[in-house]
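*Asks:* Structure below; questions to follow.
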Amino acid sequence: MTDGGVSAMHTLAFVDPGHFHAALTLGERHPRVRDEIFIYAQQGQELDDFLTLVEAFNRRADQPTSWRPVLRAGDLSLERLIAERPGGVVILAGKNHRKMAMVRRLHDAGFHVLADKPWLAGADGLEDLRHTLAGGPLAMEMMTGRYDVTSILTERLVSESEVFGGFDAEAAGPPAIQISSVHHLEKTVDGRPLRRPAWFFDVRVQGDGIADIPTHMVDQVQRLFAAVSPAAATGSPPPLELIAARTWATQVPLTLFARVTGSPVFPSDLDTVVTGSELSYRGNAELSFRLGAVTAALHTRWDLSAPSGGGDTHRAVIRGTLAEIRVEQRAETGYRRRLTVIPRGNRDRMRAALERSVASWQDGHPGLAVSEVGAGWEIRVPRPLDAGHERHFPLVLADFLSRVERGSLPEGLAANTLAKYTLLARASTEARRAGSPDPMWHFKT
């Protein structure tokens, strides 16, 4: 449902936007989105933070937006939105433990829903997810990794048989895909210190380490697998089979909690995870699983504060029979993602195949270049093509609206989304059952 036809203008509505990702979708104007946006929420700090970030977009010197928020403050936000129906598209980014139930209610009421990940905070909600994805109005995740240029190029590289070959799926070897990341509880967004709601630190509401960042990581594994096995993208891919999972905690001092949330004390409902002046935030996770013959191993960790001049880190290693693909984002790369190809066979033949591939991508990604680095080559991405994580959210919104206008999601996306959350629900259950054993595996980030 659009607001009157394929080329009609869309009116956006937001419900209880408790996470800053909701506001980031408004980081750029969209030619078919009305400037008037509707916000249904209770008065309080979360609403204030959302409006402050939207106003910052309006006031910036470079390409300012012109959003006109229409506030519908009060209780029963979801019920009032459904009754008033200001538009056909709803954006959700808030408490994860109730998100899937909200998505289903909006879907059943005829709204298209773009909802931040994760959709589940644990094992509950799979039936609502299955129902929502079965048909009717569209529901899609804010999966920003699909719009990152380095991720797109990585998928292209593994699809090039003369460069990558196929996955190195030797049972005795390391996992064919390893992905790790370090995120920070205290950081800046759009040049401002990020404020997180106190419930972010409650894993019953936010979800634990398996529920959160791995939604991106499993999605990336699925996309890499489909790039090598195109039939899996449109047909019935093999199931995701869990091997092992665990979670553990980052100790958060009250001083940092106060800076990040604005609350001078830990809430009483977090007493069970507070010892003295520290809170145990179980936001870290490791899990491994199989997709067909391909084994993937994931590691994600939350540190306290982003380093001065730095940010989150990321590392991915994708092992092929002809080459190893590496994606790195850390201090040595200036916290920008660096994509390298390490040959495992004939170096000259690999260089020629790589240059042919990169040359064929110039129409969509002008300025890409291949340069020698260490034992292999770096795919150099011009800065104009690498917009940065915060700029991906308007791209997610634009893509979702185009899907709404077409009336369908990409083929296979619903099945992969259900498979992903089924895996993560099982992993979360297994991690709780297993407690906190020693790490299954680890590699440097």
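*Asks:* So, in region 8-30, of the ones that are under 16 Å from GLY87 (Cα atoms) and without any contact (Cβ under 8 Å) to a residue 40 or more places away in the chain, which residue ends up most open to solvent (accessible area, probe 1.4 Å)?
*Replies:* Across region 8-30, the extreme among qualifying residues is MET9.
*Asks:* Tally time: how many residues in region 68-87 are without any contact (Cβ under 8 Å) to a residue 12 or more places away in the chain and among the aliphatic types (A, V, I, L, M)?
*Replies:* The total comes to 2.
*Asks:* Looking only at residues that are surrounded by fewer than 20 Cβ atoms within 10 Å (Cβ to Cβ) and out of contact with any Leu (no Cβ under 7 Å at 6 or more places or on another chain) in region 417-438, which one is farthest from LEU126 (Cα to Cα)?
*Replies:* The extreme case among them is ASP438.
*Asks:* Spot the failing condition for LEU120; the list is (1) in contact with a Gly (Cβ under 9 Å, 6 or more places away or on another chain); (2) open to solvent by 50 Å² or more (accessible area, probe 1.4 Å), and only one is missed.
*Replies:* (2)
*Asks:* On to the next question. For region 261-280, indicate whether the set of residues that are under 27 Å from the mean Cα position of the chain (by Cα) and part of a strand (DSSP E or B) is non-empty.
*Replies:* yes
*Asks:* I would also like to ask the following. Mind checking whether some residue in region 320-327 is over 23 Å from ASP168 (Cα atoms), assigned to a strand (DSSP E or B) and not hydroxyl-bearing (Ser, Thr, Tyr)?
*Replies:* Checked against the condition, which is being over 23 Å from ASP168 (Cα atoms), assigned to a strand (DSSP E or B) and not hydroxyl-bearing (Ser, Thr, Tyr), region 320-327 yields no hits at all.
*Asks:* Right, something else. How many residues does region 172-219 hold that are on the phi > 0 side of the Ramachandran plot and open to solvent by less than 10 Å² (accessible area, probe 1.4 Å)? Full working, then the answer.
*Replies:* Our first condition is that a residue be on the phi > 0 side of the Ramachandran plot; within region 172-219, this holds for 190-191, 207.
From what is left, the residues that are open to solvent by less than 10 Å² (accessible area, probe 1.4 Å) are 207.
So the answer is 1.
*Asks:* Further question on the same structure: Show the residue pairs that are 6+ apart or on different chains and have beta-carbon atoms under 9 Å apart, the first residue being within region 54-67 and of a type in the set (D, E, K, R), the second being at pLDDT 95 or above.
*Replies:* Within 9 Å, the pairs are GLU55/TRP67; GLU55/PRO69.
*Asks:* Another question, if that's okay. I'd like to verify a number: residues in region 402-416 that are open to solvent by 40 Å² or more (accessible area, probe 1.4 Å), more than 23 Å from GLY87 (Cβ to Cβ) and either in contact with a Pro (Cβ under 7 Å, 6 or more places away or on another chain) or assigned to a loop (DSSP other than H, G, I, E, B) (or both), how many?
*Replies:* 2
*Asks:* How many of the residues in region 19-61 are more than 21 Å from the chain's Cα centre (by Cα), over 23 Å from MET9 (Cα atoms) and not in a helix (DSSP H, G or I)?
*Replies:* Residues flagged as more than 21 Å from the chain's Cα centre (by Cα), over 23 Å from MET9 (Cα atoms) and not in a helix (DSSP H, G or I) within region 19-61 amount to 6.
*Asks:* Sticking with this structure for a sec: Every residue in region 137-171 that is open to solvent by 10 Å² or more (accessible area, probe 1.4 Å) and acidic (Asp, Glu), please.
*Replies:* ASP148, GLU155, GLU160, GLU162, ASP168, GLU170
*Asks:* Which of the residues belonging to region 305-319 are surrounded by 17 or more Cβ atoms within 10 Å (Cβ to Cβ) and either assigned to a strand (DSSP E or B) or in contact with a Gly (Cβ under 9 Å, 6 or more places away or on another chain) (or both)?
*Replies:* THR313, HIS314, ARG315, ALA316, VAL317, ILE318, ARG319 - these are the residues of region 305-319 that are surrounded by 17 or more Cβ atoms within 10 Å (Cβ to Cβ) and either assigned to a strand (DSSP E or B) or in contact with a Gly (Cβ under 9 Å, 6 or more places away or on another chain) (or both).
*Asks:* Next question, about the same structure. Looking only at region 342-363, decide whether some residue is part of a strand (DSSP E or B), modelled with pLDDT under 95 and open to solvent by 20 Å² or more (accessible area, probe 1.4 Å).
*Replies:* Looking through region 342-363, none of the residues is part of a strand (DSSP E or B), modelled with pLDDT under 95 and open to solvent by 20 Å² or more (accessible area, probe 1.4 Å).
*Asks:* Here's another thing I want to ask about it. Quick check on region 72-89. Is at least one of its residues surrounded by fewer than 23 Cβ atoms within 10 Å (Cβ to Cβ), under 21 Å from ARG391 (Cα atoms) and either in contact with a helix residue (DSSP H, G or I) (Cβ under 6 Å, 6 or more places away or on another chain) or modelled with pLDDT under 95 (or both)?
*Replies:* Looking through region 72-89, none of the residues is surrounded by fewer than 23 Cβ atoms within 10 Å (Cβ to Cβ), under 21 Å from ARG391 (Cα atoms) and either in contact with a helix residue (DSSP H, G or I) (Cβ under 6 Å, 6 or more places away or on another chain) or modelled with pLDDT under 95 (or both).
*Asks:* Those residues that are of a type in the set (D, E, K, R), open to solvent by less than 40 Å² (accessible area, probe 1.4 Å) and in contact with a strand residue (DSSP E or B) (Cβ under 8 Å, 6 or more places away or on another chain), I need them from region 370-398; list them, please.
*Replies:* Within region 370-398, just GLU378 meets the criteria.
The values are calculated or read from the model by the stated rules, or taken from the named source; none is laboratory data. Being a predicted model, the structure only gives us computed values, none of them experimental. We place every Cβ from the backbone using ideal geometry, glycine too, and count neighbours over all the protein chains shown. Surface areas here come from the heavy atoms of the whole protein model, side chains and all, with no ligands, DNA or RNA. Shrake-Rupley method; radii C 1.70, N 1.55, O 1.52, S 1.80 Å.
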